[in-house]
Every structure is written in C-alpha cells, then in structure tokens.
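Working notes for the structure below.
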Amino acid sequence: MIEPTEPRATPAPATPAPAASAPAASLPGGNPEDLAGLSYEQARTALDQVVAALESSTVNLEMSLALWERGTALADICQAHLDGARERIEAARPGLTSTAPE
C-alpha cells in the first residue's frame, strides 16, 4: 500500500535581481564622501584602477557606468590638485606666465 506524502514545494522560478548600482565602497577611491580628501597621488592611483577595470571588459553595463562616473570625479580631483599646484607656482614666481589654455 502506498502511503500518502506531503506535496513537495516547487522551487520558485529564478528572477533576475533588479539592476542596482555598485556599492560605492567597492569602487576605486572608496566612498564618494571620501573622494574630496584624496591626495593627487591617491586620486591618480584610483583613476588608474578605474581605467584598468573599464579596459578589462569584464564588468557589466551598470558597473561600467558607475566606474565611468567615478573616473570623471577622480579626474576632476586630479585636475583641481594640478590647478592648485599651478597657482602656487605662479604665486611664487610672479613673472611666470601660464602658457596652458584655461
């Protein structure tokens, strides 16, 4: 005689997880709040890491966009440090004129 068994639960179909942006801490440079405090060298290193990740073609579209945004923020930080250095040099040598376009 066959004994009754409890019905088995069928597993729910797999649904793709909603696209979420990458956690900020996992991106080069750390949290967005910390970016402003990066030195030129730290920002440049993080920017190099962003470029390497983008060139590797192993990240999905969402991560690529997050990396691109982080890269532009890091590039802006690097440029601000370079602009500050230029201003300090020009202040130290008043007769020096900048030949770089602004």
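Apply the Karplus curve 6.51 cos²θ - 1.76 cosθ + 1.60, θ = phi - 60°, to the phi angles in segment 82-89 and return the couplings in whole Hz, x for Gly and Pro.
5, 4, x, 5, 4, 4, 5, 5
Return the distance in nm (one decimal) between the two label points of a simple spin-label model at residue 93 and residue 52, each offset 7 Å from Cα along Cα→Cβ.
Distance between label points: 3.5 nm.
Under 19 Å from a point 7 Å along the Cα-to-Cβ line of residue 36: which residues of segment 59-85 have their amide N that close?
The answer is 70-85.
Quick check on segment 33-92: take the gyration tensor over C-alpha atoms, sort the square-rooted eigenvalues as a ≥ b ≥ c, and tell me if it's rounded (a/c under 1.5), prolate or oblate. Each step should come with its number before you reach the end.
Values: a/c = 3.25, a/b = 2.73, b/c = 1.19.
Taking the square roots of the gyration eigenvalues as a ≥ b ≥ c, segment 33-92 is prolate.
Any read-out appearing in this document is the output of simple, stated calculations on the displayed coordinates, not a laboratory observation. Keep in mind it's a predicted model, so treat the numbers as computed, not measured. Glycine gets a Cβ as well: all are built from the backbone with ideal geometry, and neighbour counts include every protein chain shown.
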